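For reference, the structure is listed below as structure tokens.
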Amino acid sequence: MPSLAARAPRAPQQPRAIATRERLLDATAASLCEVGLAGASTAAIAARAGVSHGAVFKHFPTKTELLAHAVERILAGMVEAFRAAIPDAVAEVDGDRVRAGCTVLWRIFRAPQMRAVFEVYVTARTEPDLAARLQPILDAHRASILRQARALFPELAGPADAAGPALIDEAIDAVVYAMQGAALGLFSPSPTAPDDDPHLAFIERLARRELARVARAAAGAP
């Protein structure tokens, strides 16, 4: 019996194969954003990418694998968008990093790309194979978010306590989960989410309270 390593699909090495794989991922991400998971059939994705239907399964043995890689790409793009937007956002609010961070993150959460990720994520609740494939991707994404938070608030980014995660990680998790719940409760995405959105105002208050708790702990205050 061949080993698991022998059966695992290899990453494409030739430029043409790499380009085809990239087109398929771009087409999958765009389809999820524009027509949703129900409309993102492998045939439609292949047509959008300009390749044969068979080419999809040459690069991705299952649709689950294709979806997982597309979600991974979308999430990586969101992290990069956050990183790129933060400097200008901080400058626009006179150095208020909490407001800048919440505002940029809310805009990302209200974008069509996040709605696409939510749809795949919810579908995975009833598809164990998809859930198993997504879990390490979501874990890595959380780690990326926490790294960005630590970079934005370096004075609060102490080492993790032996008894549990660092307080800043708990604070950021609370803010992100609240934002996720608020975004899921809205029926349509908004690429230009208003900065005076009442949901954003609530999340900013939550972020200030949580980060103040971290700052007090860092200063040794009760």
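Coordinate-derived values only; no laboratory data. This is a predicted model, so every value here is computed, not measured. A quick note on method: Cβ atoms are made from the backbone with ideal geometry, for glycine too, and the neighbour counts reach across all protein chains shown.
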Going by alpha carbons, how many degrees (0 to 90, nearest 10) lie between the helix axis of 15-39 and the longest principal axis of the chain?
70
Stretch gain in nm, segment Gln14-Ala218, where the contour uses 0.36 nm per residue and the Cα spacing is subtracted:
68.3 nm
So, relative contact order of the range 62-218 in percent, Cα under 8 Å, 6 or more apart, is 31
If every Lys and Arg gets +1 and every Asp and Glu gets -1 at its Cβ, then about the Cα centre the chain yields a dipole, in debye to the nearest 20, of 700
Any residue on another chain or 5+ positions along whose placed amide H is under 5 Å from the amide H of Asp197 is listed here as none
Computed label-point distance, nm, for sites Ser41 and Arg97 using a 7 Å Cα→Cβ extension
5.0
Rounded to the nearest 0.05, what FRET efficiency do Arg208 and Gln180 give with R0 = 22 Å and r taken as the Cβ-Cβ distance? Could you check?
0.70
dims of the range 17-111, Cα set, principal axes, largest to smallest, nearest Å -> 53, 26, 19
In whole Hz, with x marking every Gly and Pro, tabulate ³J(HN,Hα) for the range 102-119 from phi via Karplus 6.51 cos²θ - 1.76 cosθ + 1.60, θ = phi - 60°.
5, 5, 5, 5, 5, 4, 5, 5, 8, 7, x, 4, 5, 4, 5, 5, 4, 5
Write down, largest first, the equivalent ellipsoid semi-axes of the range 87-183 in whole Å, where each equals the square root of 5 times an eigenvalue of the alpha-carbon gyration tensor.
26, 19, 10
Principal semi-axes in Å for the chain [√(5λ), Cα gyration tensor, largest first]:
36, 21, 16
